[in-house]
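**Student:** Before we start, here is the structure in question, set down as structure tokens.
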Amino acid sequence: MSYKIEIEDLNAWFVNNHVLRDINMKIRQNAVTAIIGPSGCGKTTLIRCLNRMHELVPGARVSGRVLLDEEDVYSNGIDPVTVRRRIGMVFQKPNPFPMMSVYDNVAAGLKLNGMKDKHKLDETVEKSLNLAHLWDEVKGELNKSGASLSGGQQQRLCIARALAIEPEVILMDEPCSALDPSATAKIEKLIRDLGKDYTVVIVTHNMQQAARVSDFTAFLYLGELIEYADTRSIFENPQNKLTENYITGKFG
Amino acid sequence: MSRLIDIGLEQLSRLLFKMGDLAEKTVLLSLDSYMEGLEVQESVRIWSETLVALSEQVEEKAIELIARFQPVASDLRTIESYAKIAYDLSRYGRYAWDITFIHKRLNVSSGDCMFPSLPIRELNEKVKNIVHISIEAVKKNDVCLAKKIGEIENEVDAVYYECLDKLAEQDRITTKCLVTNLLFVRHLERIADHASYIGESITYLVTGERVSLRGQMSNES
Amino acid sequence: MNDYMVRKIKDRIMVSLAYLALIVALIPLVSILTETMLRGAPAINLSFLTERIPPLGQPGGGIGPAIQGTLIVVGIASMIGVPIGLFSGIYLAEFRETKLASAARFLTDVSTNMPSIVIGIFGWALIVTAIGWSVIAGAFALAIMMIPIVTRTTEEAIKLVPVTIREAALALGVPRWKTTITVVLSSAKKGIATGILLSIARIAGETAPLLLTILGSRFWFGGFTEPTAGLPLAIFNFSQSPYSTIDWPRAWGASMVLIFMILGINVVVRYFTREKYG
């Protein structure tokens, strides 16, 4: 039982907009942690602060510490690019590289970072597609364009692409919101399986999904962490009235 | 902001409160009639069957709400507790009915088997009280009342054991009277038990904690 | 039903007017094409395309040097203009918010509308006065015309690449510069290629800059610092010639060749940017 990521006094701004306030939380290793909350509460910003994607937006600012294996990713000597190789991200709308085949998409992270060994690439592509539960569906047609797959398959392709660079943490920003129910179910099963070997943090506005998929749930409201506990407790007996009102649909 | 599930929850609680009133009425009638020697089997039987039917309705409504709305937190606890309480209320009716049968089946009339040292009246009053408080606790979602149920239940247990002791001591009592009294106090004790279950369900509904309101007494013989 | 009929009539009138306007707009274009082809086609033959003009006033020969001159000058202009325009466009797209970018964008927009004769004079003043009428001067002037066009179309093409593609690459731990050069550029390549080809088509037909820089010649290419022939110049000169019976058909022929060259580039662009199905 250890913490992969420890967030200390994290604050984030978009120009003058104070989006995250004094966030303190510890994310358990090899578990799935869900972050829920109404629109605009800062949940996407929170995970983008973990892999240093938030600062790419002009006018964005961060303060505080994010410890990955007890090392602050924001400390002066750290190159954000290396952080992003250890923390992968899957986005809301599936975004495979349109000009590339399935194979090239999965291998993209490796190739762009310099790997040329064809054999190793083949191996990694197959392993990643297997991990993403997509291998059986595409194995005969790795040269097909990435964009020719269905929405659910594309999202699994993006997950395979993220897994290929062998990250330790996987961040997911509402990964199922653009998908139909059966594609969603497949990805939820995948997330559960990934949680055994990776530290997964998933942002979702669908509370049922958070309840199904996660071991721990954090509730964010107006940039503050209101409650954070194991999923069972949050959904059976939340301690904070705000949490209770949100998850029972009284607001938000 | 009112939600879709609120309509269903409203229907559920109305059903339950209706059950509560009917259950209390049934128990009161049965207990008083036993003490007075009145014949009320028919009424009590009908009410008891109504209670069973109502409890089935409550269960179905609860399942429907779960299937449709995937409730969480207090909604979920409410639905689970109400389903349990409905069962307990139907048991009130059942025991009330059983009590009306005692005299008839054993061919005994009320005054025959009473004797002063047997604290049956006291037991009777306590059980009527505990039933009343349990219904109040349900209607008001009151945890304090639930705790009170626990206290009274302890008192009921104490009197119950006293009755058992007294009955065991009697050497000039007919078997018929023994059985009559035993059955009566036994049913009363079970009614009180179900009242404490109701108290526990209400406590869980409000606080999310599962507690035991029974057996808090230090000495039980 | 009266209202309905009135509306129907109004509708028909409007549609007819629009239709008429379209026809009127197309007339000049169609008549240019047909006229050019009718008058130019007789002059076209293999020798016309491959030989130079014989000495004064004699028939035969052709615009071989002019074609060659145009190709060389446009080619060199592209070699200068395309890389500069491309990287400027990348800069503008990547560093959108900086003051330099805003200023550059403004200047670029102004430059696209600069009169070509002014650019010609600039080229003349800078290069011709230094090294004389030359291919280099012509290429220089045409490159100046080309750069703003390529810059803007490149910038627009890159801006069209969805930010999600960029983010996907960044999230994989690819450094920003590499993301731009690999993923973003390859997503934008159609748009960029279109911009480049269209700018080539544009400068191939410009006459004014050539007037003041390459001077024109009846001979084949003789060196980068020497004057050379060009198609637009040839057309101009033929049309001014007193030997109308010989030279005017040559003008039409050269016009046809030039139009076909430009049309050809446009058709190629169309072909490669068509919507593919499946």
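**Student:** Restricting to the stretch C:11-53, give me the number of residues that are acidic (Asp, Glu), within 19 Å of C:Phe238 (Cβ to Cβ) and more than 23 Å from the chain's Cα centre (by Cα).
**Tutor:** So the answer is 1.
**Student:** Sticking with this structure for a sec: Give me the residue from the stretch A:46-76 that is more than 14 Å from chain C (Cβ to nearest Cβ) and crowded, with 22+ Cβ neighbours inside 10 Å and, out of that set, nearest to the chain's Cα centre (by Cα).
**Tutor:** A:Leu46
**Student:** Condition first: among the acidic types (Asp, Glu) and surrounded by fewer than 20 Cβ atoms within 10 Å (Cβ to Cβ). Can you find one or more residues in the stretch B:172-189 that meet it?
**Tutor:** For the stretch B:172-189, residues among the acidic types (Asp, Glu) and surrounded by fewer than 20 Cβ atoms within 10 Å (Cβ to Cβ): absent.
**Student:** Which condition from (1) closer than 18 Å to B:Tyr204 by Cβ; (2) small (Gly, Ala, Ser); (3) in contact with a Leu (Cβ under 9 Å, 6 or more places away or on another chain); (4) within 14 Å of another protein chain (Cβ to nearest Cβ) is the one that B:Ala86 breaks?
**Tutor:** In the conditions (1) closer than 18 Å to B:Tyr204 by Cβ; (2) small (Gly, Ala, Ser); (3) in contact with a Leu (Cβ under 9 Å, 6 or more places away or on another chain); (4) within 14 Å of another protein chain (Cβ to nearest Cβ), B:Ala86 misses (4) alone.
**Student:** Ok, one more. Based on this model, can you work out whether B:Ile198 counts as buried (at least 21 other Cβ atoms within 10 Å of the Cβ) and not aromatic (Phe, Trp, Tyr)?
**Tutor:** Here the answer is yes, as B:Ile198 does meet what is asked.
**Student:** Read through the list (1) among the polar types (S, T, N, Q); (2) under 20 Å from the mean Cα position of the chain (by Cα); (3) not in a helix (DSSP H, G or I), then give the number of the only condition that C:Ser217 fails.
**Tutor:** So C:Ser217 meets the others, but not (2).
Each row is one residue, and each column tells you yes or no for (1) hydrophobic (A, V, I, L, M, F, W, C); (2) in contact (Cβ under 8 Å) with a residue 60 or more places away in the chain; (3) outside any helix (DSSP H, G or I).
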position	(1), (2), (3)
C:Leu33	yes, yes, no
C:Met37	yes, yes, no
C:Ile53	yes, yes, yes
C:Ala66	yes, yes, no
C:Gly69	no, yes, no
C:Val73	yes, yes, no
C:Phe106	yes, no, no
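**Student:** Being surrounded by fewer than 14 Cβ atoms within 10 Å (Cβ to Cβ) and modelled with pLDDT of 90 or more is the filter here, so list the residues in the stretch B:91-124 that pass it.
**Tutor:** B:Arg121
**Student:** Take C:Ile13 and tell me if it is touching a Pro at 6+ places or on another chain (Cβ under 6 Å) and modelled with pLDDT of 90 or more.
**Tutor:** Taking the combined requirement at face value, the residue does not satisfy it.
**Student:** Applying the selection to the stretch C:122-161, what residues are within 14 Å of another protein chain (Cβ to nearest Cβ) and touching a Lys or Arg at 6+ places or on another chain (Cβ under 9 Å)?
**Tutor:** Passing the criteria: only C:Ala157.
**Student:** Touching a residue at least 12 places away in the same chain (Cβ under 8 Å) and farther than 30 Å from B:Ala168 by Cα, is that true of B:Ser109? Can you show your working first?
**Tutor:** Working: touching a residue at least 12 places away in the same chain (Cβ under 8 Å): yes; farther than 30 Å from B:Ala168 by Cα: no.
Considered against the rule, which asks whether it is touching a residue at least 12 places away in the same chain (Cβ under 8 Å) and farther than 30 Å from B:Ala168 by Cα, B:Ser109 comes out as no.
**Student:** Where residues in the stretch C:78-124 are among the acidic types (Asp, Glu) and more than 16 Å from C:Ile181 (Cβ to Cβ), which of them is surrounded by the fewest Cβ atoms within 10 Å (Cβ to Cβ)?
**Tutor:** Restricting to residues being among the acidic types (Asp, Glu) and more than 16 Å from C:Ile181 (Cβ to Cβ), the top hit is C:Glu97.
**Student:** Are any of the residues in the stretch A:239-249 touching a Lys or Arg at 6+ places or on another chain (Cβ under 6 Å) and more than 21 Å from A:His18 (Cα to Cα)? Talk me through it step by step, then tell me what you get.
**Tutor:** To start, the set of residues in the stretch A:239-249 that are touching a Lys or Arg at 6+ places or on another chain (Cβ under 6 Å) comprises A:249.
Still in the list and also more than 21 Å from A:His18 (Cα to Cα): A:249.
Yes, there is a match, as at least one residue in the stretch A:239-249 is touching a Lys or Arg at 6+ places or on another chain (Cβ under 6 Å) and more than 21 Å from A:His18 (Cα to Cα).
**Student:** Residues being under 18 Å from the mean Cα position of the chain (by Cα) and under 15 Å from A:Ala108 (Cβ atoms): count how many of those fall in the stretch A:145-155.
**Tutor:** The qualifying residues number 1.
**Student:** Does C:Val174 satisfy the criteria of being in the same structural domain as C:Ser88 (by TED's automatic domain parsing), under 20 Å from A:Arg161 (Cα atoms) and assigned to a helix (DSSP H, G or I)?
**Tutor:** no
**Student:** Looking only at the stretch A:188-206, how many residues end up being crowded, with 19+ Cβ neighbours inside 10 Å, over 23 Å from A:Leu149 (Cα atoms) and not aromatic (Phe, Trp, Tyr)?
**Tutor:** Final tally of qualifying residues: 7.
**Student:** Considering the stretch C:121-139 alone, what residues qualify as being within 15 Å of C:Thr228 (Cα to Cα), aromatic (Phe, Trp, Tyr) and either in a helix (DSSP H, G or I) or out of contact with any strand residue (DSSP E or B) (no Cβ under 6 Å at 6 or more places or on another chain) (or both)?
**Tutor:** C:Trp124
**Student:** Output the number of residues of the stretch A:95-129 satisfying the condition of being away from every other protein chain (no Cβ under 11 Å), in a helix (DSSP H, G or I) and polar (S, T, N, Q).
**Tutor:** Result for the stretch A:95-129: 2.
**Student:** Search the stretch C:174-188 for residues that are at the interface with another protein chain (Cβ under 7 Å from one of its Cβ atoms) and pair each with any residue that is among the polar types (S, T, N, Q) when their beta-carbon atoms are under 7 Å apart and the residues are at least 6 apart or on different chains.
**Tutor:** C:Val174/A:Asn113
**Student:** I would also like to ask the following. Check A:Ser177 against each of (1) assigned to a helix (DSSP H, G or I); (2) modelled with pLDDT under 95 and name the one condition it does not meet.
**Tutor:** Checking A:Ser177 against (1) assigned to a helix (DSSP H, G or I); (2) modelled with pLDDT under 95, the one that fails is (1).
**Student:** If you scan the stretch A:1-38, which residues turn out to be small (Gly, Ala, Ser) and not in a strand (DSSP E or B)?
**Tutor:** Of everything in the stretch A:1-38, those that are small (Gly, Ala, Ser) and not in a strand (DSSP E or B) turn out to be A:Ser2, A:Ala31, A:Gly37.
**Student:** Looking at the stretch A:111-138, I want the residues that are closer than 18 Å to A:Gly151 by Cβ and have a partner that is among the aromatic types (Phe, Trp, Tyr) and part of a helix (DSSP H, G or I) with Cβ atoms under 6 Å, at least 6 apart or on another chain. Which pairs are those?
**Tutor:** What qualifies is A:Leu129/A:Trp135.
**Student:** Working only within the stretch A:207-252, note down all residues that are surrounded by fewer than 16 Cβ atoms within 10 Å (Cβ to Cβ) and either more than 7 Å from every other protein chain (Cβ to nearest Cβ) or touching a residue at least 40 places away in the same chain (Cβ under 8 Å) (or both).
**Tutor:** A:Leu222, A:Glu224, A:Asp230, A:Arg232, A:Ser233, A:Gln239, A:Asn240, A:Lys241, A:Phe251 - these are the residues of the stretch A:207-252 that are surrounded by fewer than 16 Cβ atoms within 10 Å (Cβ to Cβ) and either more than 7 Å from every other protein chain (Cβ to nearest Cβ) or touching a residue at least 40 places away in the same chain (Cβ under 8 Å) (or both).
**Student:** If a residue must be in a loop (DSSP other than H, G, I, E, B) and facing another protein chain (nearest Cβ under 8 Å), how many such residues does the stretch A:77-94 contain?
**Tutor:** The qualifying residues number 2.
**Student:** So, one more: Given the structure, is A:Ala185 surrounded by fewer than 19 Cβ atoms within 10 Å (Cβ to Cβ) and closer than 19 Å to A:Val213 by Cβ?
**Tutor:** yes
**Student:** Further question: Hey, any hits in the stretch C:192-202 for a residue that's within 14 Å of chain A (Cβ to nearest Cβ) and surrounded by fewer than 20 Cβ atoms within 10 Å (Cβ to Cβ)? Can you show your working first?
**Tutor:** Applying the first criterion (within 14 Å of chain A (Cβ to nearest Cβ)) to the stretch C:192-202 yields C:192-193.
Right, trim to surrounded by fewer than 20 Cβ atoms within 10 Å (Cβ to Cβ) and you get C:193.
Yes, that holds for at least one residue.
**Student:** Among the listed residues C:Gly230, C:Gly223, C:Gly205, which satisfies the condition of being farther than 30 Å from A:Glu168 by Cα, surrounded by 22 or more Cβ atoms within 10 Å (Cβ to Cβ) and away from chain A (no Cβ under 14 Å)?
**Tutor:** Answer to the check: C:Gly230.
Residue-wise test of (1) modelled with pLDDT of 90 or more; (2) among the polar types (S, T, N, Q).
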{"position": "C:Val150", "(1), (2)": "yes, no"}
{"position": "C:Val184", "(1), (2)": "no, no"}
{"position": "C:Ala234", "(1), (2)": "no, no"}
{"position": "C:Asn237", "(1), (2)": "no, yes"}
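The values are calculated or read from the model by the stated rules, or taken from the named source; none is laboratory data. Keep in mind the model is a prediction, meaning the values are calculated, not measured. Every residue, glycine among them, receives a Cβ derived from its backbone with ideal geometry; neighbour counts consider all protein chains shown.
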